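The values are calculated or read from the model by the stated rules, or taken from the named source; none is laboratory data. Quick caveat, the model's predicted, so the values are computed rather than measured. Counting neighbours? That spans all protein chains shown, and the Cβs are built from the backbone with ideal geometry, glycine included. Just the protein is used for accessible areas: all its heavy atoms, side chains included, with ligands, DNA and RNA removed. Shrake-Rupley method; radii C 1.70, N 1.55, O 1.52, S 1.80 Å.
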2 protein chains.
Amino acid sequence: MDIKNLSLLKDGSETFLTALGKQAHVLKCEKGKILFLHEDTAEYFYIVKSGWIKLFRETLDGTQSVNDILGKGNAFGETALFENNVYPYSAEAVEASEIISLPLKLLKEELEHNNKFSMHVMRHMAHQRHQKDMEIEHRDLQNAPQRIGCFLLNLIDRDAHGAAKIDLPYDKTLIASKLGMQPETFSRALSKLKEKTGIHIKGSHIELYDPKQLIEYCCSHCSSEFPCKDLLAQK
Amino acid sequence: MDIKNLSLLKDGSETFLTALGKQAHVLKCEKGKILFLHEDTAEYFYIVKSGWIKLFRETLDGTQSVNDILGKGNAFGETALFENNVYPYSAEAVEASEIISLPLKLLKEELEHNNKFSMHVMRHMAHQRHQKDMEIEHRDLQNAPQRIGCFLLNLIDRDAHGAAKIDLPYDKTLIASKLGMQPETFSRALSKLKEKTGIHIKGSHIELYDPKQLIEYCCSHCSSEFPCKDLLAQK
DNA sequence: CGAGGGTTTGAAGTGCATCAAATAGTGTGG
DNA sequence: CCACACTATTTGATGCACTTCAAACCCTCG
């Protein structure tokens, strides 16, 4: 994976990207490895090369709230730049992963000097904020089966018409936490979704012979109409 | 109110602020006035001079989800710049309000040319994103009375030790919608909060003789410790 | 004083959480 | 290749929080 192809770093100057490349380190993480904790002082930001990283926060008694789960090509920890150099969440590898670490300092300097890059990063941030807004809306307006359906719809290849196949990217329990529900609820809600929309489920593999049913069931309780993938997909 | 003192426009160049001033218009809005709708093409961004503006989205059947409620000094519609010049939500005056409209074009040009300003805006955006994250966390980890308590805590003057007074800024029904609950739930949850933390409620006026109880009750179910006001207050 | 919106209260229903236990699935060492 | 251990997932039973629908109450303002 080449750093230059990352969506976040698009429009970065040559000098910047070269400097980044030189200071990049690849960390091999075991499942369960904590990369940093909420409110740790931040020196690096990270990019997922492979595997999955969970961003989360927790209360004193250990209850945790999952902020996001990031896969290949996604960046995290970069917002510490704007928040007193402190990470706003904790990060943990939820399976064996490779992570690229990069100095925040370089990012900061590039932002300060390359306006085109800043504009790009702002676009990126606005996009992320919009996604968060949609997440809140979904929890407001959709029930558990609908939220799962929406999650599934965003895993379908866009050009797949008619039948479509989906492989869940990670544990059902993790998906549940990302959608803000308990594993048990996820399991039951998925069955209900099957019943309502005729999807076929075999373990982590799902087939849709009639995506329209799913779309109708889920998207009618959302302010965006179906191909909202552009909105939700890319980070 | 002078445009130059707005947190969003801090670090804007003189030329920019002057140009903005010249193109500023003050709109007087009746309660219920819709300023724009979700997905309208955006030409202006806005600043609340007085009153309250509700940002929201709705599904086809009219159910709505409240994104935010903005008061004096807050800006809205500015993110359209980064989202294909389309507003990502609808905006409505929830009471008689004065709104300043400003051309997005000027904002865009300033962002493209004034790097210091861009940095400031990015800080602003990061802050907003963090707030949204916290909102999601609150809905994950706190129950209705706790969310209300947290809302109240953010209305207290920081230097008020011992007893403190709060006046609810707008309708209870609106607060309820902002916190993602029904008016009936809000009413009952507020009573429960009273019972649990000993706050005194008279209509929209609330007194806390012992804020610690409230803090203990609410903040123990959140990943941030009490004076999280810095985080939540300023927009 | 009366109209109308905001707020509270009551009764009933629903969806999700929780706790407990069974089952399926996966990787390990023998 | 099997048996075991461990984890992920499902299923069952129950409880609680919030919603919904209905009606009463309250407050403000013409």
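The single condition among (1) at pLDDT 95 or above; (2) closer than 24 Å to B:Glu58 by Cα that A:Asn154 does not satisfy is (1). Among the residues of the range A:122-170, those that are open to solvent by less than 50 Å² (accessible area, probe 1.4 Å), outside any helix (DSSP H, G or I) and closer than 30 Å to B:Gln182 by Cβ comprise A:Gln142, A:Asn154. Selection within the range B:74-100: residues that are open to solvent by 10 Å² or more (accessible area, probe 1.4 Å) and out of contact with any helix residue (DSSP H, G or I) (no Cβ under 8 Å at 6 or more places or on another chain). The member of this set that is farthest from B:Leu27 (Cα to Cα) is B:Asn84.
Given the condition away from chain A (no Cβ under 14 Å) and more than 15 Å from the chain's Cα centre (by Cα), answer yes or no: does some residue in the range B:104-124 qualify? Yes; the residues of the range B:104-124 include at least one that is away from chain A (no Cβ under 14 Å) and more than 15 Å from the chain's Cα centre (by Cα). Confirm whether B:Lys194 is more than 9 Å from DNA strand D (Cβ to nearest atom) and among the basic types (Lys, Arg). In short, yes. A Cβ distance below 8 Å, combined with a sequence gap of six or more or placement on separate chains, defines the contacts here; from the range B:1-17, residues that are without any contact (Cβ under 8 Å) to a residue 60 or more places away in the chain and closer than 18 Å to B:Lys108 by Cβ reach residues that are among the basic types (Lys, Arg) and in a helix (DSSP H, G or I) in the pairs B:Leu17/B:Lys4. Being away from chain B (no Cβ under 12 Å), within 16 Å of DNA strand C (Cβ to nearest atom) and not basic (Lys, Arg) is the requirement here; does A:Leu141 meet it? Here the answer is no, as A:Leu141 does not meet what is asked. Here the range B:171-223 is the region considered, the condition is being outside any helix (DSSP H, G or I) and within 14 Å of chain A (Cβ to nearest Cβ), and the residue that is nearest to DNA strand C (Cβ to nearest atom) is B:Gln182.
Per the listing B:Ala126, B:Ala144, B:Ala164, the residue uniquely modelled with pLDDT of 95 or more and away from DNA strand D (no atom under 11 Å from the Cβ) is B:Ala126. Taking A:Cys228, is it at pLDDT 95 or above, closer than 24 Å to A:Ile69 by Cα and not basic (Lys, Arg)? Answer is no for this residue.
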